[in-house]
Amino acid sequence: MRVAIDGPGGAGKTSVARAVADALGVECLDTGAMYRAVAAAVLRRGVDPADGEAVAAVAREVVDGIEVAGNVARLEGLDVSEEIRGAAVTESVSTVAANPDVRAVMVARQQAWAADRPGCVMEGRDITTVVLPEADVRVYLYAEAAVRARRRSGESGASEAAVQAALRERDHRDSTRAHAPLQRVAGVREIDTTDRSVGEVVEEIMQMIEGLPGSDRP
């Protein structure tokens, strides 16, 4: 069983993906954390995130040294779980993630990760369209901008207005980039998480899984 979950920041992807993975008894991969790890490596090396060739070289150098499991992210053996959520990485990750050569390296790694497992849940911004377009279940989560900002503000401590502005800018960059943009496509179930709990969203996805031919729900 492979489940692919897309959506913008603050829509609840990570919480929902982990809960679905737990229900299925499979591993979950936060691909956004992988791109953040690349951004951290770029900054650690003093490379300009806008220098496409140099950033791609860093990605190729560190890709095999990136490990993401639950809340823990490691880069070349170092725990960078907090670092990748910091302001510096957050400001640069969109530029790094928009680099087509970086995406090629990371998508190959993500697809290999999925191929090595009998089942998985993967979440990000191009999972249903690029990484796992053949997933058994594909879901796009979204929510009202104010709600997404409130959720992120609670996590970061920043003002809701500032967070909403940052999310709006990130949404625009992610949805308009030339390679593997965040987008809604036919065949992907859309779920509005604005007024719904994680448990309710997870239950809807589990019902989708239960309805698949030959599926035995845990």
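Amide hydrogen proximity for residue 120: with H placed 1.01 Å from N in the peptide plane, the residues at 5 or more positions away or on another chain lying under 5 Å are 2, 3.
Taking a ≥ b ≥ c as the square roots of the Cα gyration tensor eigenvalues, with a/c under 1.5 meaning rounded and otherwise prolate when a/b beats b/c, else oblate, which class fits segment 169-217? Kindly include the intermediate steps, with their values, before the conclusion.
Values: a/c = 3.80, a/b = 1.73, b/c = 2.19.
It comes out oblate by the Cα gyration axes.
Quick check: at a probe of 1.4 Å, how many percent of the accessible area of the chain sits on carbon and sulfur atoms? Reported share for carbon and sulfur atoms: 47 percent.
Could you please report the charge total around residue 189, scoring K, R as +1 and D, E as -1 over all other residues with beta-carbon less than 13 angstrom from its beta-carbon?
On the way: positive: 138, 184; negative: 6, 136, 190, 192, 204.
Residues close to residue 189 contribute a combined charge of -3.
Taking a ≥ b ≥ c as the square roots of the eigenvalues of the Cα gyration tensor, segment 1-119 is classed as prolate, since a/c reaches at least 1.5 and a/b is larger than b/c. With angles folded into 0 to 90 degrees, how steeply does helix 87-97 sit against the dominant principal axis of the chain? Use alpha carbons for both and round to 10. Taking Cα atoms only, the helix is inclined about 80 degrees. In the chain, the calculated helix contribution to ellipticity at 222 nm averages -15500 deg cm²/dmol per residue, counting -39,500 (n - 2.57) for every DSSP H run with n ≥ 4.
Hey, got a sec? Which trypsin sites (Lys or Arg not before Pro) in segment 12-121 land in a DSSP loop and have at most 13 other Cβ atoms within 10 Å? The partial results should precede the final answer.
Working: sites: 13, 18, 36, 44, 45, 60, 74, 85, 103, 109; in loops: 45.
Sites meeting the loop and neighbour criteria: 45.
Taking every protein chain into account, the accessible area of segment 62-181 amounts to 48 square angstrom per residue (probe 1.4 Å).
If contacts are Cα pairs under 8 angstrom and at least 6 residues apart, what is the relative contact order of segment 76-192 in percent? Intermediate values should be presented prior to the final figure.
On the way: 78 pairs, mean separation 35.8, N = 117.
Over segment 76-192, the number comes to 31 percent.
Treating only the Cβ of Lys, Arg, Asp and Glu as charged (+1, +1, -1, -1), what charge dipole size does the chain show about its Cα centre? Round to the nearest 20 debye.
Numbers: 26 positive and 35 negative charges, 58 e Å.
I would put it at about 280 debye.
3J(HN,Hα) along segment 126-141, derived from phi through the Karplus expression 6.51 cos²θ - 1.76 cosθ + 1.60 where θ = phi - 60°, amounts to 9, 6, 6, 9, 10, 6, 10, x, 9, 4, 5, 10, 10, 9, 10, 9 Hz, with x in place of Gly and Pro. Each principal axis of the Cα cloud of the chain was evaluated for its coordinate range; sorted largest first, these ranges are 50, 41, 31 Å.
Enter the accessible area per residue of segment 1-58 (Å², integer; probe 1.4 Å; all protein chains in place).
On the way: 1880 Å² over 58 residues.
Accessible surface, normalised per residue, equals 32 Å².
For residue 158, nonlocal amide neighbours, meaning residues 5 or more places apart or on other chains whose placed amide H falls under 5 Å from its own, do not occur.
For segment 54-124, the square roots a ≥ b ≥ c of the C-alpha gyration tensor eigenvalues yield an a/c of 1.5 or more together with a/b not exceeding b/c, which makes the shape oblate.
The values are calculated or read from the model by the stated rules, or taken from the named source; none is laboratory data. Please read these numbers as outputs of a predicted model, since none were measured by experiment. Neighbour counts run over all protein chains shown; Cβ positions are idealised from the backbone, glycine included. Side chains are part of the model used for accessible areas, which takes the heavy atoms of the whole protein and leaves out ligands, DNA and RNA. Shrake-Rupley method; radii C 1.70, N 1.55, O 1.52, S 1.80 Å.
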